[in-house]
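Each value in this text was obtained by applying a stated rule to the coordinates, not by laboratory testing. Quantities reported herein were computed from a predicted structural model and do not represent experimental measurements. In this analysis, Cβ positions are derived from the backbone assuming ideal geometry, glycine residues included, and neighbour counts consider all displayed protein chains.
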């Protein structure tokens, strides 16, 4: 059975976007990006909300030759995976190996977890909140950045109580801290 994994780059006060929708403060340096690449390498399918997909589709057409080696590696990882975009408004996608689902169907994701040969990543705080509330998420990777943004889009759901078990932690020279938890 595949694991459903939520990963997020967040501020120390727990936001993936600031109050203005910005997240440039979370751009990973080369060391963090290389670490993320190793976490993403086993992913076979990405589940995205529309806004996260629109951010990540950059990796479909990026000029690889102009990117550092760590970004080139991520491009290959991302392009090799399947993508499912959950959106009621998006009518088409601009990346290969991508399909649109209009509704977040818990039983369909349960079936995907049972049948997938590789792990599944869920991206986008809103979509992840639904999956966490439904008890679908198995693991969470939080990359806490050394910045307080004071408000915005929370990385984790409110109104949901889920016990966590710390599996690993890692500190980076930039001050970013990675926390890896099992949920449930």
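Per-residue extension of 0.36 nm, minus the Cα-Cα distance of residue 13 and residue 38, leaves a gain of 6.4 nm for this segment.
For the chain, give me the percentage of DSSP beta bridges that are antiparallel, rounded to the nearest 5 percent. Bridges in the chain are about 40 percent antiparallel.
With Rg and the Kirkwood Rh both taken from Cα atoms, where does Rg over Rh land for the chain?
On the way: Rg = 15.7 Å, Rh = 16.9 Å.
Taking Rg over the Kirkwood Rh, I get 0.93.
For the pair residue 126 and residue 170, the difference between a 0.36 nm per residue extended length and the Cα-Cα distance amounts to 13.3 nm. Restricting the calculation to Cα atoms, segment 81-127 shows an Rg/Rh of 0.94 when the hydrodynamic-style radius is the Kirkwood one.
So what's the gap between the Cα centers of segment 1-45 and segment 115-160, to the nearest angstrom? Their Cα centres are 10 Å away from one another. From a point 7 Å beyond the Cα of residue 61 in the direction of its Cβ, which residues of segment 89-116 have a backbone N at a distance under 19 Å? Counting backbone N atoms under 19 Å from the label point, the list is 90-100.
Of the residues 90, 127, the one with the fewest other Cβ atoms within 10 Å heads the list, and the complete ranking is 90, 127.
Taking other C-beta atoms within 10 angstrom as a stand-in for reagent exposure, 36, 85, 147 fall in the order 147, 36, 85, fewest first.
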